[in-house]
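Enquirer: After the structure tokens below, expect a handful of questions from me.
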Amino acid sequence: MEVLVTGGDTELGRSVAESFRDAGHRVVVCGARRDELELTAKELDIMVVKGNVGRFEDCKRAVDEVQAKLGPVEILVNNAGITRDGFFHKMTPEQWSDVIHVNFDSIFNMTRQVIEGMRERGFGRIINISSINGQKGQAGQTNYSAAKAGMIGFTKALALENAAKGITVNCIAPGYTDTEMVRAVPEKVLNSIVSGIPIGRLGKCEEIAGAVSFLVSDQGAWITGSTISINGGQYMP
């Protein structure tokens, strides 16, 4: 199957793409950072497409390029995400809009490009990568938490609209995972976060990727509209 993973210029996106490649799928990753995309292309030997998923035109161009070279996208993983943290009373319009565009608008921008084809073919798998902070909230992340919470509602509604067309739409809400985004947190703060995780460690990218693989597999075909929390027991909705 043809798989498109956004945020392929991140460690998590790369791990998800690698799991699909190893399973025999044809995989393309999309991202905005050229150097990181080139690293992904080199390490995984897969197709990459540069673009800003916060812009509808970039997403259309990316999907058109993928489908012209590989065929229709059958599996979409909306993984792109950024942070622009700050307390709301000091947050700038740019901090707000940057995060909303990349983390939330992107799931419309990218999914809109593939959903009609999926409906026509009677098959599709869409996975949206949310966050623990979209479930419980997080001080200093009103923008990020709002976008990730919105993703959960989007998942439920889109699942209802498309279940009869053979399309499943699900969400994964990872907790704090060992990625560059989390490692950028000050050490004292990170140690405090880890101490609040019952399992006692950060998550691993391959653990999140494993859940993605399950949701798109035949064994996961009866799951739609769900949000799977993978957070080491830190938050149990």
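Enquirer: For the charge dipole of region 124-192, defined by +1 on Lys and Arg C-beta atoms and -1 on Asp and Glu C-beta atoms about the Cα centroid, which residue among N128, Y176, A157 has the Cα displaced farthest towards the positive pole?
Expert: Most positive-ward Cα: A157.
Enquirer: Still on this model: Through the Karplus equation 6.51 cos²θ - 1.76 cosθ + 1.60, θ set to phi - 60°, convert the phi angles of region 126-140 into ³J(HN,Hα) values in whole Hz; use x for Gly and Pro.
Expert: Couplings: 10, 10, 10, 8, 8, 6, 4, 7, x, 9, 10, x, 7, 4, x Hz.
Enquirer: Also, quick follow-up: Tell me, how many Å apart are the Cα centres for region 155-224 and for region 137-152?
Expert: 15 Å
Enquirer: Oh, and also: Roughly how many nanometres apart are two label points built 7 Å out from the Cα toward the Cβ at A163 and E65?
Expert: Inter-label distance under the simple model: 3.7 nm.
Enquirer: Please report the relative contact order for the chain, taking Cα pairs under 8 Å with a sequence separation of at least 6, and give it as a percent rounded to a whole number.
Expert: Across the chain, relative contact order equals 19 percent.
Enquirer: A further question on this structure: What does the charge dipole of region 124-235 about its Cα centre add up to, to the nearest 20 debye, if the Cβ of each Lys and Arg holds +1 and the Cβ of each Asp and Glu holds -1? Numbers along the way, then the final one.
Expert: Values: 9 positive and 7 negative charges, 43 e Å.
Here the size comes out at about 200 debye.
Enquirer: Output the direction-averaged projected area (hull surface divided by four) of the convex hull of the alpha-carbon atoms of region 1-98, in nm².
Expert: Result: a mean projected hull area of 6.7 nm².
Enquirer: Which value at 222 nm does the chain reach when only helices count, each DSSP H run of 4 or more adding -39,500 (n - 2.57), with the total divided by all residues and rounded to the nearest 500 deg cm²/dmol?
Expert: Estimated from H runs of four or more residues: -14500 deg cm²/dmol.
Enquirer: What's the center-to-center distance, using Cα atoms, between region 1-56 and region 66-96 in Å?
Expert: 14 Å
Enquirer: How would you rank 88-97, 101-110, highest first, on the average number of other Cβ atoms within 10 Å across their residues?
Expert: Working: 88-97: 11.8, 101-110: 23.1.
With the highest mean Cβ count within 10 Å placed first, the list reads 101-110, 88-97.
Enquirer: Continuing with this model, one more query. Between R33 and R112, what's the calculated FRET efficiency when r is the beta-carbon distance and R0 is 25 Å? Round to 0.05.
Expert: The calculated FRET efficiency here is 0.60.
Enquirer: Another one. Need one number: nm distance between label points at M236 and D178, each 7 Å from Cα along Cα→Cβ, rounded to one decimal.
Expert: Output for this residue pair reads 2.5 nm.
Enquirer: Mind checking which lysines have their Cα closer than 20 Å to the Cα of K42? Skip sequence neighbours fewer than 8 apart in that chain.
Expert: Cross-link targets: K50, K69.
Enquirer: If the cut-off is a Cα-Cα distance under 19 Å, which lysines reach K156, setting aside same-chain residues fewer than 8 apart in sequence?
Expert: Excluding near neighbours in sequence, the set is K136, K148, K165.
Enquirer: Something else now. Just checking my list (i) 17.8; (ii) 19.7; (iii) 19.1 against Kirkwood radius over Cα pairs in Å computed from this structure; which label fits?
Expert: Answer by label: (i).
Enquirer: Additional query: On a full-extension model of 0.36 nm per residue, what is the gain between V189 and R21, subtracting their alpha-carbon distance, rounded to one decimal in nm?
Expert: Values: separation 168, 0.36 × 168 = 60.48 nm, distance 3.54 nm.
Length gained between V189 and R21: 56.9 nm.
Enquirer: In debye, nearest 20, what is the charge dipole magnitude of region 56-119 about its Cα centre with +1 on Lys and Arg Cβ and -1 on Asp and Glu Cβ, if you could check? Write out the running numbers ahead of the final one.
Expert: Values: 7 positive and 10 negative charges, 18 e Å.
Charge dipole, region 56-119, about its Cα centre: 80 debye, nearest 20.
Enquirer: How far apart, in nm, are two points set 7 Å out from the Cα along the Cα-to-Cβ line at T92 and at M1?
Expert: 4.2 nm
Enquirer: Only four residue types carry charge here, +1 at the Cβ of Lys and Arg and -1 at the Cβ of Asp and Glu. Report the dipole size of region 2-226 about the Cα centre in Debye, rounded to the nearest 20.
Expert: With only Lys, Arg, Asp and Glu charged at Cβ, the dipole is about 460 debye.
Enquirer: If you don't mind, there's one more thing I want to ask. For K90, list the aspartates and glutamates whose Cα falls under 16 Å from its own Cα; do not include residues on the same chain fewer than 8 positions away.
Expert: Correct list for K90: D98.
Rule-based calculations on the coordinates, nothing more; no lab input. Keep in mind it's a predicted model, so treat the numbers as computed, not measured. Neighbour counts are summed over all protein chains in view; Cβ atoms, including those assigned to glycine, are modelled from backbone coordinates with ideal geometry.
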